[in-house]
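Peer 1: Just dropping this structure here.
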Amino acid sequence: MLRKIIVGAAVSAALMSGSAFAQSSTVKGAAGGAVTGAIVGGPVGAAVGGVAGAAIGTAIDPPPQKVVTYVREAPAPSARVVVREKVVVGQPLPETVVVKPIPDDPTYAYAVVNDERVIVEPSSRKVIQVIK
């Protein structure tokens, strides 16, 4: 019973911390998840965290610097887009948000939502990075 509680806590902590770290691009896949899991749950946490970190870390790779620079410098659309949902790395933008392709790299697109510039994966609309 205690082992199930520890494993459950380690999984929860690894997934929550992995999501937070993924936004700032500091967790690097399985290694980052394993370290986070080890801190929270010891050896069992390291194993669980490694699996969770691999899933999170490989799903969200930072875009090339030229894409970030383009999005940072691109003119903002004249119409302000506001959504109730918080813009979160790894989550898709609502369908009401218009995303614009990056001319030199069509594997990325961007939008300005709630006064934040975001880089997205065009086909899934998943947020890859929020430009600060």
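Peer 1: With θ taken as phi - 60° and the coefficients 6.51, -1.76 and 1.60, list the Karplus ³J(HN,Hα) couplings across the stretch 90-106 in order, rounded to whole Hz; mark glycine and proline as x.
Peer 2: x, 9, x, 6, x, 4, 6, 8, 7, 9, 10, x, 7, x, 8, 8, x
Peer 1: Taking H placed 1.01 Å from N in the peptide plane, check which residues at least 5 places from ARG117 or on another chain put their amide H under 5 Å from its amide H.
Peer 2: ILE131
Peer 1: Now for a different question. Got a sec? Which residues in the stretch 63-77 would a label at ASP105 touch, if it sits 7 Å along Cα→Cβ and we count backbone N under 12 Å?
Peer 2: Label zone hits: 63-72.
Peer 1: By count of other Cβ within 10 Å, fewest leading, how are ILE102, ILE128 ordered?
Peer 2: Result, fewest neighbours first: ILE102, ILE128.
Peer 1: Given the stretch 65-131 reduced to its alpha-carbon atoms as identical point scatterers, what log10 I(q)/I(0) does the Debye formula return at q = 0.19, 0.25 Å⁻¹?
Peer 2: -0.64, -1.14
Peer 1: Kindly put ARG125, ARG72, ARG117, ARG84 in sequence by how many other C-beta atoms sit within 10 Å of each C-beta, fewest to most.
Peer 2: Fewest to most other Cβ atoms nearby, the residues stand as ARG84, ARG72, ARG125, ARG117.
Peer 1: How much length is gained if the chain between ASP61 and ILE131 is pulled fully straight, taking 0.36 nm per residue apart and subtracting their Cα-Cα distance, in nm to one decimal?
Peer 2: Details: separation 70, 0.36 × 70 = 25.20 nm, distance 1.43 nm.
Here the segment from ASP61 to ILE131 would lengthen by 23.8 nm.
Just so you know, all these numbers are worked out from the coordinates, no wet-lab data involved. What you are looking at is a predicted structure, and each value in this text was computed from that prediction instead of being measured. Cβ: placed from backbone, ideal geometry, glycine included. Neighbour counts: every protein chain shown.
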